[in-house]
Ligand code: LLP
């Protein structure tokens, strides 16, 4: 079964656990993840690659930014996944979850020297370098520690990912990588630097790609570059193809096929004899998670109905930030009565709206509902705006579940602030 969020006896379950149980025991809002779905998605991706490119060595480095909960990383690490990280914090999470350093790749446009030193000492597999100044800083840091950094250089292939502008990264105007046309010069430079060992080429063109043709274009450009770099005398044994494979956000959306993606990989870079690295995030965890919330009020406005929830844009920012639409499922199986409503949170901003003019099953105060497809870029982008507590997370596995991030307390949250000495006295 692909969808692990199903109705049983009229009530929504995650695997064998009733979501009403989770809502009652942990409270709402809360993120809920299905282990079975996580494992399935990882397997689907790995098997697509294994069958399209049987003779190619590859490593799937789950992109931790999509969902960095230690329990999620550990679940994937147990299946053999490595991780793609973009900060010392994410690197620490990978290590804490038990990912071996030789399966960790470090991406990101703004790595600091402190972060580089930490990663070098941890012995990670590779740095994906995004600029010449970063290359120099890495060379100095590594040489200073008497260590060598294995690197790829992220090239910007100038391909339109045909996705939302805010999550597109592979066009010349984006801040990511080195223009592919300048790559040979930069590699020549890198080869001469102390503390640096060039091992490969890296690219990532964007996220939530549903049309696969941009991958084909970008990977073909990367393949040409690998050939040119080898001609120049570089030993290119790694190609990191980034992440980006999209997922369905509504029941009728047709997801891009991992097999078709793997076929593109095979025909563009499969023959080059390099180890391939993949950095999928959303595809692994997106449909494995949902945000549960409760209806606080149903308010009839001027010709509109507002369903006011206890979750808000601070818990799930994707609708406000990317105009994302997340499918809604009610805890009780819909009996047929529908309403048209705006689904909103309690935050004092008009953008705190999950859906406008949404045709949805009729709900009343106290009812629980779920935002589906919220496993990726949900909890990780949550904040405490409006001094709302950071949202907790629950992992389900079969008929058991565990709180894998506890709800913050007001003491935790207020305790982070401090009153300076000059304000300590009352007057
Ligand atoms: N590798 C790199 C270098 C990345 O920048 C990203 C995502 C990934 C891998 C993983 O991409 P995925 O497979 O998940 O598409 N917050 C946005 C998405 C931002 C993606 C940023 N980079 C959203 O909620 O849609």
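Readers should treat all values here as calculations from the given coordinates under stated rules, not as data from a laboratory. Keep in mind it's a predicted model, so treat the numbers as computed, not measured. Glycine also receives a Cβ, built like all others from the backbone with ideal geometry; neighbour counts cover every protein chain displayed.
Roughly speaking, what is the stretch gain from residue 197 to residue 121, that is 0.36 nm per residue apart minus the C-alpha to C-alpha distance, in nm to one decimal? Each step should come with its number before you reach the end.
Details: separation 76, 0.36 × 76 = 27.36 nm, distance 1.58 nm.
Additional length available on full extension: 25.8 nm.
Its DSSP H runs of at least 4 residues, each contributing -39,500 (n - 2.57), put the calculated 222 nm mean residue ellipticity of the chain at -8500 deg cm²/dmol, to the nearest 500.
Just to be sure I follow: if Rg is taken over the C-alpha atoms of the chain and Rh is the Kirkwood radius over the same atoms, what is Rg/Rh?
On the way: Rg = 23.1 Å, Rh = 22.9 Å.
Using only Cα positions, Rg/Rh for the chain is 1.01.
Among 175, 111, the order by Cβ neighbours within 10 angstrom, fewest to most, reads 175, 111. Here the simple spin-label model places points 7 Å from the Cα toward Cβ, and for residue 421 and residue 332 these points are separated by 6.1 nm.
Placing a pseudo-label 7 Å from each Cα along the Cα-to-Cβ vector at residue 182 and residue 6 gives an inter-label distance of 5.4 nm.
Note on residue 137 and residue 400: the model spin-label points, each 7 Å out from Cα along the C-beta direction, lie 4.4 nm apart. Across segment 35-283, the convex hull enclosing all Cα atoms gives 113 Å³ per residue.
Counting 0.36 nm for each residue step from residue 164 to residue 299 and taking away their Cα separation leaves a gain of 45.4 nm.
Please compute the contact order of the chain in relative form: average sequence separation of alpha-carbon pairs under 8 Å and at least six residues apart, divided by the residue count, as a percent.
The value is 19 percent.
For a paramagnetic label modelled on residue 16 (point 7 Å from Cα along Cα→Cβ), amide N atoms under 17 Å away belong, within segment 378-410, to 395-402.
Determine Rg/Rh for segment 1-153; Rg is computed over alpha-carbon atoms and Rh is the Kirkwood hydrodynamic estimate from the same atoms.
Details: Rg = 19.2 Å, Rh = 17.6 Å.
We get a ratio of 1.09 for segment 1-153.
Neighbour counting of Cβ atoms within 10 Å sorts the residues 61, 348, 53, fewest neighbours leading, into 348, 53, 61.
Full extension of the chain segment joining residue 386 with residue 349 gains 12.3 nm, where the gain is 0.36 nm per residue of separation less the Cα-Cα distance. Rounded to whole Å, give me the distance from the Cα center of segment 116-137 to that of segment 4-79. Comparing the Cα centres of segment 116-137 and segment 4-79, I get a distance of 30 Å. When both segment 373-419 and segment 169-206 are represented by their alpha-carbon centers, they are found 37 Å apart. Each Cα pair under 8 Å and six or more residues apart adds its separation to the average, and for segment 93-143 the resulting relative contact order is 41 percent.
Sorted fewest first by neighbouring Cβ atoms within 10 angstrom, 381, 79, 372 come out as 79, 381, 372.
One equal scatterer on each Cα of segment 305-375, no solvent, Debye formula: the resulting log10 I(q)/I(0) at q = 0.15 Å⁻¹ is -0.45.
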